[in-house]
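The values are calculated or read from the model by the stated rules, or taken from the named source; none is laboratory data. All values reported here derive from a predicted model rather than from experimental measurement. Cβ coordinates were reconstructed from backbone atoms using ideal geometry, including for glycine residues, and neighbour counts include every protein chain displayed.
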Amino acid sequence: MSKNETIEFTVNVDEFLSLNKYEVDEECAHIELESNPDMNEFRKLVCVCPAALYKIEEDGKTSFDYAGCLECGTCRIICGKTIVNKWLYPSATKGVEYRYG
């Protein structure tokens, strides 16, 4: 390959994430947010969460679902001192099990 040629990679993250297996702990959320989070802080989470767990609807309502969490800790790092009240790894046998197809 010459130095002027480029290699193009196409990665479909959703395709890879769909291979993962999730065992959700319905009785104990491992992430908890403030009940009325600051919108600027929440927007940070919308932008950085690789699993897209944080959403702002067209009407401005916020939503969050820990069930698809990848356990990366990004939300804890970005907003752990502002609107993330609790961030723990899920209990044993719960959470994400990574698979590669």
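For this structure, a couple of remarks:
- Pairs where the first residue, in segment 51-77, is closer than 14 Å to residue 30 by Cα and acidic (Asp, Glu) and the second is assigned to a helix (DSSP H, G or I) and at pLDDT below 95, C-beta under 7 Å, 6+ apart: none
- Verdict on residue 80 being touching a residue at least 40 places away in the same chain (Cβ under 8 Å) and either touching a strand residue (DSSP E or B) at 6+ places or on another chain (Cβ under 7 Å) or within 18 Å of residue 43 (Cβ to Cβ) (or both): no
- The single residue among 32, 15, 41 that is of a type in the set (D, E, K, R), within 17 Å of the chain's Cα centre (by Cα), at pLDDT 90 or above and farther than 19 Å from residue 88 by Cβ turns out to be 41.
- Residue in segment 45-55 that is over 23 Å from residue 21 (Cβ atoms) and touching a Cys at 6+ places or on another chain (Cβ under 6 Å) present: yes
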